[in-house]
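What follows draws every value from the coordinates through simple rules; no lab data is involved. Model, not experiment: these values are computed from the prediction. Ideal geometry is used to build each Cβ from the backbone, glycine not excepted, and the neighbour counts take in all protein chains shown.
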Amino acid sequence: MNLIFLGPPGAGKGTHAQLLMNELGIPQISTGDMLRQAMKAGTEMGLAAKRYIEAGELVPDEVVIGIVKDRLQAEDCKNGYILDGFPRTVPQAEALAQFAKIDVALNIDLADEVIIKRLSGRRVCLKCGATYHISTLNGREDCAACGEKLVQRKDDSPETVQNRLTVYAAQTAPLIDYYEKKGILRTVHCAPSATVDENYAQVRETLGLK
Ligand code: AP5
């Protein structure tokens, strides 16, 4: 199954994509993680992306289209993949349609006020990409999966989150209509108090997994 996870920043795309990756054995391809890894490694692309990411703006289409196109050639994508955070603009979606056949675009929907709370407590592992929330870490500061020290993303500051939500509404939300018209959109509405397990059960049900 070739999937797109759509949704505003902090809706839970990464969290649920990782659970699904482990269950289905298909890769989670997060353009955000790839860009952050390039920033950490100090590559030319990473340095170019840094100022956009830290301001909560989108990285130029041609940069992300190129990295996704290359990544989808890899052997581990042969049986399916989860695109997490790509496409994010209509031109990215149109480019993707030239080199991939998508089965489902899953839209994860969550209210803005919950997003702001979740992102202020998010901690991430820059080594393996695992995501946590301080409410479930019990004071732990390292990654349960690989032992790396967890960090707060620079773009999770309240002002930058607000800009990311504005950018999402202007540039990414139009993809909901785009995929609806293609007949492959499915939406999961997440209640503010729902746990990760409850939201993941909704994701599984929406995808028709037994
Ligand atoms: P990216 O890394 O993709 O960020 P994003 O889309 O803004 O999404 P997030 O990673 O912030 O949130 P998420 O939906 O994955 O939520 P998560 O599961 O972590 O992109 C970052 C930047 O890179 C962009 O701003 C842009 O600059 C650039 N970029 C990336 N792709 C691009 C593209 N295609 N084009 C151009 N630029 C691009 O969950 C959030 C928190 O909530 C976590 O702490 C989690 O533990 C917690 N949580 C999740 N579910 C629940 C629940 N049910 N209950 C309680 N807590 C929960």
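Go over the candidates ASP109, ASP155 one by one and state the one that is buried (at least 18 other Cβ atoms within 10 Å of the Cβ) and under 21 Å from ILE29 (Cα atoms). If you could, list the steps in order and put the result at the bottom.
Details: ASP109 fails: buried (at least 18 other Cβ atoms within 10 Å of the Cβ).
Residue meeting the stated conditions: ASP155.
Can we say LEU119 is surrounded by 15 or more Cβ atoms within 10 Å (Cβ to Cβ) and more than 8 Å from the ligand (Cβ to nearest atom)?
no
For every residue, the table says whether it meets (1) within 14 Å of the ligand (Cβ to nearest atom); (2) assigned to a strand (DSSP E or B); (3) under 23 Å from GLN28 (Cβ atoms); (4) in contact (Cβ under 8 Å) with a residue 60 or more places away in the chain.
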residue	(1), (2), (3), (4)
ASN163	yes, no, no, yes
TYR168	yes, no, yes, yes
ASP177	no, no, no, no
PRO192	yes, no, no, yes
GLU205	no, no, yes, no
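Every residue in the stretch 1-56 that is near the ligand (Cβ under 10 Å from one of its atoms), hydrophobic (A, V, I, L, M, F, W, C) and part of a strand (DSSP E or B), please.
Correct list: PHE5, LEU6.
Within the stretch 179-190, track down each residue that is surrounded by 14 or more Cβ atoms within 10 Å (Cβ to Cβ) and not in a helix (DSSP H, G or I). Lay out the reasoning, then the answer.
If we filter the stretch 179-190 for residues that are surrounded by 14 or more Cβ atoms within 10 Å (Cβ to Cβ), which is where we start, we get 179-180, 184-188, 190.
ILE184, LEU185, ARG186, THR187, VAL188, CYS190, listed by residue number.
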